[in-house]
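Working notes, beginning with the structure itself.
The values are calculated or read from the model by the stated rules, or taken from the named source; none is laboratory data. What you see is a predicted model, and the numbers here were worked out from it, not measured in a lab. Every residue, glycine among them, receives a Cβ derived from its backbone with ideal geometry; neighbour counts consider all protein chains shown. These accessible areas exclude ligands, DNA and RNA; they are computed on the full protein's heavy atoms, side chains included. Shrake-Rupley method; radii C 1.70, N 1.55, O 1.52, S 1.80 Å.
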Amino acid sequence: MMAQDKKRQEVDMDSPTFVPTVKVGKVLEGGDSIQYMEMNNVYVFPPVTFSSKRQQNAYMRLVKNVKTVLPIAKEARLIMMETAEYLETLPSKEAREEHMKRVEKSIMKEYKPRMKKLTYSQGKLLIKLIYRESNSSGYELIQAFLGPMRAGFYQAFAWAFGASLKKQYDPEGIDRLTERVVLMVEAGQL
């Protein structure tokens, strides 16, 4: 049983959700050297109280879903940034469109199998976490990269399954608990 507890406490250092920040250095102050160490943020929240076992299970599901979906949202942000930077270097509209077709094809090849494994609630959470990471809705991102027709198609597809690519992330309001879980996962506390 102790081995299982030890396994749960290990942090995956290769995960894009956990970026260890430990910097050790020294500064010279008036002829005297002072050593310092910078570390990751540590978040301290009041304990979550549950009024029922059902609420506790919902919270544990949220933690599991965030751990599953957050790496994908972070990868999506990196792909968007790299693609946007590269598109700026291309000389013509045709070259940009050709590049976007290649990018879309490679994204579909790599991410479609992963997306098929997501549950309904994980898919809806992914839409919100992509908004959190990029500060733009999924619809706006698709519209910027692929055009309004494709964005409308993907929005209609999401709507058919009861989701919306236009969902926004509200860390101060309805998504307050999700933000708490995300911060703790990013800091390696969960």
Less than 15 Å Cβ to Cβ from R114, Lys/Arg counted +1 and Asp/Glu -1: what total charge do the surrounding residues give? +4
In degrees, nearest 10, range 0 to 90: what is the angle between the Cα axis of helix 148-160 and the longest Cα principal axis of the chain? 70 degrees
Charge sum, other residues only, whose C-beta stays under 12 Å from Q35's C-beta, Lys/Arg counted +1 and Asp/Glu -1: -1
For K117 and F161, calculate 0.36 nm times their separation in residues minus their Cα-Cα distance, and state this gained length in nm to one decimal. 14.3 nm
Could you check the spin-label model distance between F50 and K26? Points 7 Å from the Cα along Cα→Cβ, value in nm. 5.0 nm
Subset of K112/K166; K74/K101; K64/K105; K67/K93; K64/K101; K105/K128 violating a 31 Å alpha-carbon distance limit: K67/K93; K64/K101
Report, to the nearest whole %, how much of the accessible area of segment 31-190 belongs to carbon and sulfur atoms, 1.4 Å probe, protein only. 57 percent
Hey, if you put +1 on the Cβ of every Lys and Arg and -1 on every Asp and Glu Cβ in the chain, which of A156, G188, S33 ends up farthest toward the positive end of that dipole? A156
Per residue solvent-accessible surface (Å²) - the chain, probe of 1.4 Å: 72 Å²
From the coordinates shown, Rg and Dmax of the Cα atoms in Å corresponds to which of (1) 23.4, 101; (2) 15.8, 46; (3) 20.6, 68: (3)
Pop out the ³J(HN,Hα) list for segment 96-110 in order, Karplus 6.51 cos²θ - 1.76 cosθ + 1.60 with θ = phi - 60°, rounded to Hz; leave Gly and Pro as x. 5, 5, 4, 5, 5, 5, 5, 5, 4, 5, 5, 5, 4, 5, 7
Heavy-atom accessible area order for K128, K116, largest first, 1.4 Å probe: K116, K128
Highest mean first, what order results for 66-72, 44-50, 108-114, 96-102 on Cβ atoms within 10 Å? 66-72, 96-102, 108-114, 44-50
